[in-house]
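So the structure is just underneath, and the comments pick up after that.
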Amino acid sequence: ASALLLLALWALTYWFILPRWFPTQMTGDFRIAVAGIGLLGADGRMRPSDFGDDLSLSVFQQLEDDYRAAEESGAFEGDVRTWHDSLGRSVKNVAFGLMEGKTPEERSTEAALLADRIKADMVVYGYLTESTAGEELELEFYYAAPVRAGEPEATAGTQRFRSPIISSVPFDVDPTLARAQMRDPVAQRTSALFWITQALVYQLANNPEQALTVLDEAERQLTRWPESQGKELLYLFRGQAAFLAREYETADTALDEAIRIHEQFAGKPYVNALLLKGAVFMDRAQLFYARGRTLSQEEAECTTTTNIENSSKDLAEATDHLRISIDYLEQAVELAPQSDTPSLENQARMNLGLAYRLLGQSLITAGQYAEAERALEQAAAEFDQALEHFSPDKQPQYVGWTQVGLGVTRRLQAAIRAVEEVNALNAGDPATAEAKHGEAISLLQQAITSYDICLAQREATRGNPVFQKRILHCACEPYAREARTTLEAFGGTP
């Protein structure tokens with residue numbers, strides 16, 4: 001009887017204590033999962049590989065060693081955790097295995113699912129292929145944090161070290177020589193991951209200035225990393241850190257370097273860098289609107305004026321910067337389908353809508369209403385097209401971002417109609433004035449619908465505090481209230 005009682009108690013408590021004794025999800029400030037490296041056959045099947053196991057373990061061990069050494073020396077303060085399938089159940093009770101997809105998109109999807117399942121911020125993976133002499137190694141990594149938060153970042157999702165690492169002899173013929181030929185190039189790329197992930201820890205802690213300092217040091221340290229082996233990644237992440245620190249000139253220079261390296265060695269434009277360049281010029285212009293005025297309490301809670309002196313100096317420069325932003329983003333939209341990351345097309349299109357919307361705002365401020373209307377119509381078209389590819393079930397954050405942009409666009413169009421109504425009345429044309437008034441009401445109602453759709457993403461994004469604050473609390477909620485107040489003033493019904 002006592003044995004049965006103990007068994008019953010164990011059954012009741014097993015599922016409660018299992019995750020504590022044998023964790024299945026990662027913790028820490030930044031969480032890196034190093035998955036397996038398989039052999040991708042000509043038939044598209046991914047198979048286990050002893051060589052791949054060796055390489056995967058070496059990446060994991062180097063990251064572990066580098067982080068422990070940095071922490072012990074005091075060079076880095078942060079809690080970075082790394083997991084690998086070689087670890088015992090006391091550390092992790094989940095197997096990663098291989099990312100088995102036949103295509104980069106399929107492997108990226110698998111990495112995203114793994115990241116969600118174990119709460120990893122980054123999944124490092126790759127594959128071997130057989131060459132005429134030995135094997136070739138492709139290393140990739142999936143950055144999950146901004147995807148999870150719904151941040152439209154050019155570094156989100158899968159990135160790859162573009163040039164393969166090649167051995168001149170098959171592993172099963174001479175494992176010692178094959179390992180020796182792979183060792184230094186793999187170590188260089190793992191060192192790059194060490195520096196990049198350090199920067200991301202600071203970036204996620206809202207300290208992009210320190211992230212930029214880390215990547216400046218990385219540039220000095222990684223002199224043995226050849227440009228031909230994917231070094232544009234260093235400058236892409238450096239450009240992003242500088243952008244978030246609002247060191248716009250530094251960001252622009254770093255991204256130009258990323259574009260140069262990629263075009264020289266990959267033979268095609270670097271869509272990720274083009275997308276980020278567009279964001280840099282758009283932010284410079286957007287920040288201009290906070291210059292020279294005291295922010296309300298609500299604005300101050302939602303707007304940072306860090307390095308505001310680096311923003312566009314006046315309305316004319318802001319308008320020029322927006323046109324430059326649009327040029328880069330249109331290139332990104334056009335080139336994304338043929339790039340390494342075709343899914344960036346929809347993100348680039350959403351950002352393009354935001355840039356056109358801001359251009360419309362600048363033109364309204366300058367009193368150029370006809371040109372502003374053309375820019376706003378283009379913004380709405382870009383938003384509508386992006387929404388065709390964003391699902392509330394899979395991308396509620398991007399749905400929210402896009403709908404709030406569309407809502408602001410419709411409100412700005414309503415403002416133009418109000419000006420046109422007044423002009424018609426002054427010209428003694430009451431029929432046109434009445435029509436413009438009706439159009440303004442319709443546009444305000446459309447704006448409210450967009451804001452309400454944005455707010456409807458609240459439950460699906462409850463685990464994303466960044467999105468909840470930046471989009472729901474700081475945009476959709478106040479904008480919806482303002483739009484309803486304006487609509488009532490116009491005599492319309494929400």
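The values are calculated or read from the model by the stated rules, or taken from the named source; none is laboratory data. These numbers come from a predicted model, not from an experiment. Note that each Cβ is placed from the backbone with ideal geometry, even for glycine, and that neighbours are counted across all protein chains shown. The protein model used for the area step is the full one, side chains on, heavy atoms only, and it has no ligands, DNA or RNA in it. Shrake-Rupley method; radii C 1.70, N 1.55, O 1.52, S 1.80 Å.
Observations on the model:
- Selected residue (criterion: nearest to Gly353 (Cα to Cα)) from residues of segment 437-448 that are surrounded by fewer than 20 Cβ atoms within 10 Å (Cβ to Cβ) and touching a Leu at 6+ places or on another chain (Cβ under 9 Å): Gln446
- Search result, residues across segment 40-51 that are assigned to a strand (DSSP E or B) and open to solvent by 40 Å² or more (accessible area, probe 1.4 Å): Arg47
- Residues within segment 361-408 that are outside any helix (DSSP H, G or I) and among the charged types (D, E, K, R), tallied: 3
- Whether a residue is assigned to a loop (DSSP other than H, G, I, E, B), modelled with pLDDT under 95 and surrounded by fewer than 19 Cβ atoms within 10 Å (Cβ to Cβ) was assessed, and Arg162 does not pass this test.
- Being farther than 21 Å from Leu234 by Cβ, surrounded by fewer than 19 Cβ atoms within 10 Å (Cβ to Cβ), within 17 Å of the chain's Cα centre (by Cα) and among the β-branched types (Val, Ile, Thr) holds for only one residue in Thr132, Thr103, Thr109, and it is Thr109.
- Filtered residues of segment 194-248 (kept if touching a residue at least 12 places away in the same chain (Cβ under 8 Å), among the charged types (D, E, K, R) and either open to solvent by 40 Å² or more (accessible area, probe 1.4 Å) or assigned to a helix (DSSP H, G or I) (or both)): Glu209, Asp216, Glu217, Glu219, Arg224, Glu227, Glu232, Arg238, Glu247
- Per-region count, segment 320-360, residues part of a helix (DSSP H, G or I) and open to solvent by 20 Å² or more (accessible area, probe 1.4 Å): 17
- Of Ala433, Ala424, all but one fail to be touching an Asp or Glu at 6+ places or on another chain (Cβ under 6 Å), at pLDDT 95 or above and part of a helix (DSSP H, G or I); the exception is Ala433.
- Applying a threshold of 9 Å to beta carbon distances and a minimum spacing of six or more residues, or different chains, the list of pairs starting in segment 412-423 at a residue that is free of Cβ contacts under 8 Å to residues at least 12 places away in the same chain and ending at one that is small (Gly, Ala, Ser) reads Val422/Ala433; Asn423/Ala433.
- Of all residues in segment 267-299 being surrounded by 24 or more Cβ atoms within 10 Å (Cβ to Cβ) and of a type in the set (D, E, K, R), the one that is nearest to Glu317 (Cα to Cα): Arg284
- Unique match (being among the charged types (D, E, K, R), more than 19 Å from the chain's Cα centre (by Cα) and either closer than 27 Å to Ala336 by Cα or open to solvent by 70 Å² or more (accessible area, probe 1.4 Å) (or both)) among Glu420, Glu482: Glu482
- Test: residue in segment 232-247 that is farther than 19 Å from Leu193 by Cβ, under 18 Å from the mean Cα position of the chain (by Cα) and of a type in the set (Phe, Trp, Tyr): yes
- In the set Arg411, Arg417, only one residue is basic (Lys, Arg), part of a helix (DSSP H, G or I) and in contact with a Gly (Cβ under 9 Å, 6 or more places away or on another chain); that residue is Arg417.
- Residue satisfying condition, being basic (Lys, Arg) and within 22 Å of the chain's Cα centre (by Cα), within set Arg349, Arg374: Arg349
- Residues of segment 450-494 that are among the polar types (S, T, N, Q), in contact (Cβ under 8 Å) with a residue 24 or more places away in the chain and not in a loop (DSSP other than H, G, I, E, B): Ser450, Thr461, Thr486.
- Sub-8 Å Cβ pairs linking a first residue in segment 275-298 that is without any contact (Cβ under 8 Å) to a residue 24 or more places away in the chain to a second residue that is outside any helix (DSSP H, G or I) and open to solvent by 50 Å² or more (accessible area, probe 1.4 Å), at least 6 apart or interchain, are Ala290/Thr303; Ala290/Thr305; Leu295/Thr303; Leu295/Thr305, ordered by first then second residue.
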